[in-house]
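The values are calculated or read from the model by the stated rules, or taken from the named source; none is laboratory data. Note that the structure is a prediction, hence the values are computed from the model and not measured. Reconstructed Cβ throughout: ideal geometry from the backbone, glycine too, with neighbour counts over all protein chains shown. The area values use the complete protein model at the heavy-atom level, side chains included, leaving out ligands, DNA and RNA. Shrake-Rupley method; radii C 1.70, N 1.55, O 1.52, S 1.80 Å.
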Amino acid sequence: MKNIALVIGSTGITGSNLAEELISQNWTTYGLARNQTAPVSGLIPVKADLLDEESLSEALKDLSPTHVFFTTWMRKDTEEENIRVNGTMVRNLLNVLSPKQSVQHVALVTGLKHYLGPFEAYAKQGTLPETPVREEHPRLEYPNFYYAQEDAVYEAAARDGFSWSVHRPHTVIGYAIGNLMNMGITLAVYASICKETGAKFVWPGSEAQWNGLSDVTGARILAKQLIWASTTEEARNEAFNVTNGDVFRWKWLWTKIADSFGIEADGYNGSVRPLEQEMEGKQEIWQKMAQQYGLKEADLSRLSSAWHTDLDLGRPIEVMTDMSKSRKYGFTAFESTEDSFTGLFQKLKQERIIP
């Protein structure tokens, strides 16, 4: 039987890159999103609201996917609200699909907040794990919407008999516009503004992140792991960390990024200098740049998620991810982190997102 994929969150950084990879591997691929503003070529769009089970049922009435990839989430003001809303979205979708009995595998994308804690207690004392983080690390005592999403998948799998996989990437680097957490594009926009204004490329994070070892996850590597786990018998019903496969120090990569834009890097100087503050008041500059260089997106808020970049780069410990579990099961994909960033920057220029 032909594989039929349903990608939930197909316009996001993970979902759009996954859809491209699925289509390249000849999967019939449907993409569900609230707004189909940037469909991937070959993707069959499905517009639906995951919080409205009735409209979701109507949107999916003629669709019987074999594989479901859940790559989206919604941020609310408190973690209790995050739990309610994000758990409901997963549960609604799997409830609607349940009578069809077509689903063979569900893959859920979460992240390192599984180990570092939710937004309200992110990387605080009492939540800090021993690094590199490993999949067997126990759940933290704090409420966490990732746990609620996992539990919704486990419950439906027990009911309907499909297999599952959970994927925990570090910071995802890849192309997508209007994404809530997009460090790659945020840094590209910031570097472009620095070049335009002659300002230094100021490191916004902590000493631990500047000097410590780190890793990130290219969106294409994440896509490959999602498909691998969904089609490999030994990988079913497991949680997997996923990164590019290399490690680096930000004090090295920060200079590499600055050099690629022809600007001067300004490293850690003894204090945290948040990027969110640095980007305040830059909307007018960006609008002028968009007009001058013919850029596609003049709304800075659709490109920059400085709050999330600050969250990651301000952590008080170095954070590395152990990938030996998926390697042991046969996942061998690798990407150089420097290539993840430079490849993204090239695409942003080609697509006229940055000058």
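Structural remarks
- Largest to smallest accessible area among H137, H167 [probe 1.4 Å]: H137, H167
- Rolling a 1.4 Å probe over the protein chains gives S260 an accessible area of about 50 Å².
- Cβ-based charge dipole, the stretch 243-326, positive-most Cα from I257, S305, L275: I257
- Per-residue 3J(HN,Hα) values for the stretch 324-330, derived from phi via the Karplus relation 6.51 cos²θ - 1.76 cosθ + 1.60 with θ = phi - 60°, read 5, 5, 5, 4, 4, 7, x Hz in sequence order (x marks Gly and Pro).
- 21 Å Cα-Cα reach of K224 towards lysines, excluding residues that sit fewer than 8 places from it in its own chain: K2, K325, K328, K347
- Here's the picture: a label point sits 7 Å out from the Cα of D339 along the beta-carbon direction, and within the stretch 206-230 the residues with their amide nitrogen under 19 Å of it are 215-228.
- Calculated [θ] (222 nm, deg cm²/dmol) that DSSP helices of n ≥ 4 give over the chain, each run adding -39,500 (n - 2.57): -12000 deg cm²/dmol
- With the simple model of a label 7 Å out from the Cα in the direction of the Cβ, K347 to I285 spans 2.6 nm.
- Mean-square fluctuations from a GNM of the chain, with a 10 angstrom spring cutoff on Cα atoms, peak among A121, A191, A19 at A121.
- Extension reserve of the R302-D62 stretch, reckoned as 0.36 nm per residue once the Cα distance is removed: 83.1 nm
- Converting phi to 3J(HN,Hα) with the Karplus coefficients 6.51, -1.76 and 1.60 and the offset θ = phi - 60°, the stretch 87-94 yields x, 5, 4, 5, 5, 4, 4, 6 Hz in sequence order, with x at every glycine or proline.
- Solvent exposure, largest accessible area first (probe 1.4 Å, DNA, RNA and ligands not counted), of E297, E79: E297, E79
- Using C-alpha pairs under 8 Å with a sequence gap of at least 6, the mean separation divided by the residue count of the stretch 174-319 gives a relative contact order of 43 percent.
- Overall, the accessible surface of the stretch 26-74 at a probe of 1.4 angstrom is composed of carbon and sulfur to the extent of 43 percent.
- 5 angstrom amide H check on F240, placed H, neighbours 5+ away: V166, H167, R168
- Normalised by the number of residues in the chain, the mean separation of alpha-carbon contacts (under 8 Å, six or more apart) gives a relative contact order of 18 percent.
- Among the protein heavy atoms, those of T332 account for about 110 Å² of accessible surface (1.4 Å probe, every chain in place).
- Potential lengthening between Y293 and Y329 on full extension [0.36 nm per residue; Cα-Cα distance subtracted]: 8.2 nm
- Per-residue SASA remark: I193, around 0 Å² accessible (1.4 Å probe; ligands, DNA and RNA not included).
- Cross-link partners of K195 among aspartates and glutamates, defined as those whose alpha carbon lies under 12 angstrom from its own and excluding same-chain residues fewer than eight positions apart: D259, E264.
- Matching label, Cα extents along the principal axes in Å computed from the structure shown, candidates (i) 63, 53, 47; (ii) 122, 51, 49; (iii) 59, 45, 38: (iii)
- Entry note, the stretch 21-179: relative contact order of 22 percent, from Cα contacts under 8 Å with a spacing of 6+ residues.
- Listed by chain and number, the lysines placed with their C-alpha closer than 16 angstrom to that of K124 are K113; residues fewer than eight positions away on the same chain are left out.
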